[in-house]
There are 2 protein chains.
Amino acid sequence: MLETDLDRTLEAFFTGQRRAAARLISVVENGGPRAEDVLHQLYPRLTGAPRLGITGPPGVGKSTLVDALVRYHRKHDRRVGVVAVDPTSPFTGGAVLGDRVRMGDLTTDPGVFIRSMATRGSLGGLARATKEVVDVLEAFGQQMLIVETVGVGQTEMDVAQATDSVVVVLSPESGDAIQAMKAGLMEVADILVVNKADRPGAGQMVRTLEADLAMRPHSEWSVPVLVTVASKGEGIAELCAAVDEHRVHLEQSGDLADRRRRRAQTEITAVLRDRLWQRAHARLADEIPAWAERVAAGQETPYTAARSLMAAFLEDSE
Amino acid sequence: MLETDLDRTLEAFFTGQRRAAARLISVVENGGPRAEDVLHQLYPRLTGAPRLGITGPPGVGKSTLVDALVRYHRKHDRRVGVVAVDPTSPFTGGAVLGDRVRMGDLTTDPGVFIRSMATRGSLGGLARATKEVVDVLEAFGQQMLIVETVGVGQTEMDVAQATDSVVVVLSPESGDAIQAMKAGLMEVADILVVNKADRPGAGQMVRTLEADLAMRPHSEWSVPVLVTVASKGEGIAELCAAVDEHRVHLEQSGDLADRRRRRAQTEITAVLRDRLWQRAHARLADEIPAWAERVAAGQETPYTAARSLMAAFLEDSE
């Protein structure tokens with residue numbers, strides 16, 4: 001994309017053209033100076049709209065729930081942005097595309113913007129990439145931003161990083177609650193949802209989760225456990241009310257500002273780390289191979305080599 | 001562990017005490033200056049023993065295959081080290097513990113050293129951590145080193161990074177071959193194995209894989225497609241012969257030295273990156289919060305903030 005093309009795309013974006021939004025998201029996803037430029041221009045347009053994370057084990061009905069949430073907000077005439085992140089390889093499932101197909105009529109609703117992100121190979125940068133795509137959607141004027149991701153590895157930390165409120169979705173199936181506890185999902189939950197609540201075991205599961213929560217140290221926000229049947233739209237209004245309540249709590253307690261500051265800090269840190277390495281690598285690229293030779297020959301360890309290289313970089317970094 | 005304790009552990013390690021090896025592995029896994037110290041002392045003891053990676057989708061029988069390989073090498077009186085890496089959260093399977101229990105009698109064989117690594121939360125450092133644990137096992141005198149990991153995300157790149165030869169294991173089940181192609185597993189394979197070859201579809205799968213390989217650009221090593229029934233020990237001798245052959249190819253072509261140099265380079269780079277960041281963070285930690293404040297308020301972007309911070313660090317890094 002040429003510079004003038006980018007300017008034209010930004011202009012179209014600011015007049016609300018969807019294709020321009022899609023193009024800017026791609027620019028942001030690709031990174032580099034162009035992405036920075038775009039984000040720089042979008043920053044003044046950020047509105048502070050609520051950012052909601054939806055996460056949980058595979059198969060609990062997250063996409064169906066997101067679908068129901070989107071419909072709910074559309075009924076209340078709010079513009080919605082959805083970022084669906086699939087951090088898994090083909091092997092571990094990831095039916096994001098199929099889910100998006102199911103969303104059929106929503107994808108043609110001009111008040112809804114849905115973006116799927118494939119993140120294979122860039123797990124480290126997931127939080128940042130996700131956050132920046134949400135920035136674009138927020139600057140585009142979407143009033144409710146939803147990030148959906150399967151809770152695998154440490155993606156639940158990434159989603160918590162990129163959003164204000166995190167809904168952890170479980171279903172009354174084989175050990176979901178236990179697994180969520182093991183996997184650290186409970187730690188990031190602002191709201192817990194037992195979806196597919198019309199199936200056997202839902203009541204028991206709610207009690208298990210509440211018992212687990214009751215054992216925690218007291219905090220200002222007490223995590224509610226809600227039940228939904230997303231496929232029938234049941235419990236969605238209650239869930240949205242809880243999200244609103246959490247938002248009010250965040251604002252009144254000062255936690256919202258805290259979270260956003262922390263988010264900014266993490267983002268600055270990530271960018272700084274990358275930049276610093278780019279600079280060091282540009283300076284040291286010619287010297288590294290000789291050191292690698294010595295390490296491979298057992299004459300140095302990676303640590304002694306790194307120490308010498310760092311000294312060389314810092315000495316002449318000015 | 002006190003300094004003198006560490007010295008004593010190293011001494012015990014060099015006289016072949018297993019408990020000392022287990023302790024040093026933990027030290028290495030925990031990182032920090034102590035880990036560096038240990039690696040520094042072990043480096044002169046590295047023997048250059050073959051390092052074999054075993055990877056593939058979940059459920060293809062990788063652990064059973066590793067089990068069979070270990071038994072084979074034990075029959076030939078070679079000391080074996082196994083590092084089983086499970087990079088998945090509780091949600092995506094990961095029966096490593098169960099597998100290790102199944103290995104029952106092998107775990108009491110003094111010629112076998114098995115170590116499971118849980119890597120949740122440290123995906124980025126997986127290659128380095130794995131490589132360093134293998135270093136310890138090699139310095140301990142294990143003559144065949146096997147790294148087993150499920151091919152999820154980009155772990156197959158990590159295993160390729162940490163080993164000399166990579167065996168990709170598939171089974172004649174629902175679309176494994178197709179998925180392997182999609183997931184980039186084929187790219188890292190030096191040897192392909194269709195395990196559970198007594199099940200229907202094995203022959204067809206071998207043909208599909210061979211057809212895919214035939215379409216690739218010619219290279220000096222032609223990837224063989226082997227069949228095994230690991231649970232019955234079938235095809236194991238042939239697999240070991242292929243691994244030996246690949247080793248000979250690596251040595252004669254100079255690829256082994258290349259791979260080991262590249263590995264050293266990646267390791268130096270990873271250490272250097274970490275160190276550099278530690279140094280920068282120590283210098284900038286006090287300034288970052290104020291910048292985060294400005295970013296959260298929309299006055300700066302993470303990119304402009306990072307630029308200013310980097311300039312501050314490099315100016316006074318001397």
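The values are calculated or read from the model by the stated rules, or taken from the named source; none is laboratory data. Because the structure is predicted, anything quoted here is derived from the model rather than measured. Cβ: placed from backbone, ideal geometry, glycine included. Neighbour counts: every protein chain shown. The accessibility values were calculated without ligands, DNA or RNA, using every heavy atom of the protein model including side chains. Shrake-Rupley method; radii C 1.70, N 1.55, O 1.52, S 1.80 Å.
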Query - Residues located in the stretch B:74-107, provided they are surrounded by fewer than 19 Cβ atoms within 10 Å (Cβ to Cβ) and modelled with pLDDT of 90 or more - result: B:Arg74, B:Lys75, B:His76, B:Asp77, B:Arg78
Query raised in the report: Which is more than 12 Å from chain A (Cβ to nearest Cβ), surrounded by 18 or more Cβ atoms within 10 Å (Cβ to Cβ) and farther than 30 Å from A:Leu42 by Cβ, of B:Ala230, B:Ala241, B:Ala264?
Result: B:Ala230
Query raised in the report: What are the residues in the stretch A:159-176 that are at pLDDT below 90 and within 11 Å of A:Gly201 (Cβ to Cβ), if any?
Result: A:Glu173, A:Ser174, A:Gly175, A:Asp176
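Conditions tested, residue by residue: (1) touching a Cys at 6+ places or on another chain (Cβ under 7 Å); (2) outside the structural domain of B:Leu170 (by TED's automatic domain parsing); (3) among the acidic types (Asp, Glu).
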position: B:Glu210; (1), (2), (3): no, no, yes
position: B:Ala214; (1), (2), (3): no, no, no
position: B:Thr228; (1), (2), (3): no, no, no
position: B:Ala241; (1), (2), (3): no, no, no
position: B:Asp274; (1), (2), (3): no, yes, yes
position: B:Ala280; (1), (2), (3): no, yes, no
Query raised in the report: From the list A:Asp244, A:Asp190, A:Asp258, which residue is in contact with a His (Cβ under 9 Å, 6 or more places away or on another chain) and either within 20 Å of A:Leu52 (Cβ to Cβ) or not charged (D, E, K, R) (or both)?
Result: A:Asp190
Report task. Please find, among A:Val82, A:Val70, the residue that is outside any helix (DSSP H, G or I) and either of a type in the set (Val, Ile, Thr) or over 24 Å from A:Gly233 (Cβ atoms) (or both). Result -> A:Val82
Report summary line: Considering residues that are in contact with a strand residue (DSSP E or B) (Cβ under 9 Å, 6 or more places away or on another chain) and assigned to a helix (DSSP H, G or I), the number found within the stretch B:221-235 is 1
Requested in this report: Return the only residue of B:Thr55, B:Thr47 being surrounded by 21 or more Cβ atoms within 10 Å (Cβ to Cβ) and either hydroxyl-bearing (Ser, Thr, Tyr) or away from chain A (no Cβ under 14 Å) (or both).
Outcome: B:Thr55
Query - Selection status of B:Val248, exposed (fewer than 14 other Cβ atoms within 10 Å of the Cβ), among the β-branched types (Val, Ile, Thr) and more than 23 Å from A:Ala311 (Cα to Cα) - result: yes
Report task. Out of the residues in the stretch A:273-294 that are farther than 15 Å from B:Arg275 by Cβ and in contact with an Asp or Glu (Cβ under 9 Å, 6 or more places away or on another chain), state the one that is most open to solvent (accessible area, probe 1.4 Å). Result -> A:Arg294
Report task. Could you identify the single residue in A:Asp286, A:Asp258 that is modelled with pLDDT of 90 or more, under 30 Å from B:Gln299 (Cα atoms) and not assigned by TED's automatic domain parsing to the domain that holds A:Val188? Result -> A:Asp258
Query - Residues of the stretch A:1-25 classified as open to solvent by 40 Å² or more (accessible area, probe 1.4 Å) and free of Cβ contacts under 8 Å to residues at least 12 places away in the same chain, total - result: 10
Report task. Inspect all residues belonging to the stretch B:30-37 and state whether any of them is more than 15 Å from B:Lys131 (Cβ to Cβ) and open to solvent by less than 10 Å² (accessible area, probe 1.4 Å). Result -> no
Report task. Please find, among B:Ala280, B:Ala270, the residue that is farther than 28 Å from A:Gly298 by Cβ, within 14 Å of chain A (Cβ to nearest Cβ) and in contact with a helix residue (DSSP H, G or I) (Cβ under 7 Å, 6 or more places away or on another chain). Result -> B:Ala280
**Report entry** Search result, residues across the stretch B:244-261 that are within 18 Å of B:Glu220 (Cα to Cα) and at the interface with chain A (Cβ under 8 Å from one of its Cβ atoms)
**Finding:** B:Ala257
Report task. Keeping to the stretch B:33-56, report how many residues are assigned to a helix (DSSP H, G or I) and under 16 Å from B:Glu267 (Cβ atoms). Result -> 7
Query raised in the report: Within the stretch A:295-318, can you find the residues that are outside any helix (DSSP H, G or I), open to solvent by 80 Å² or more (accessible area, probe 1.4 Å) and more than 7 Å from chain B (Cβ to nearest Cβ)?
Result: A:Gln299
Report summary line: Listed by first then second residue, the pairs whose first member lies in the stretch B:62-81 and is farther than 16 Å from B:Thr108 by Cβ and of a type in the set (Lys, Arg), whose partner is open to solvent by less than 50 Å² (accessible area, probe 1.4 Å) and not in a loop (DSSP other than H, G, I, E, B), with beta carbons under 6 Å and at least 6 positions apart or on separate chains, are B:Lys62/B:Ile54; B:Lys62/B:Gly56; B:Lys62/B:Glu148; B:Lys62/B:Val169; B:Arg78/B:Met144
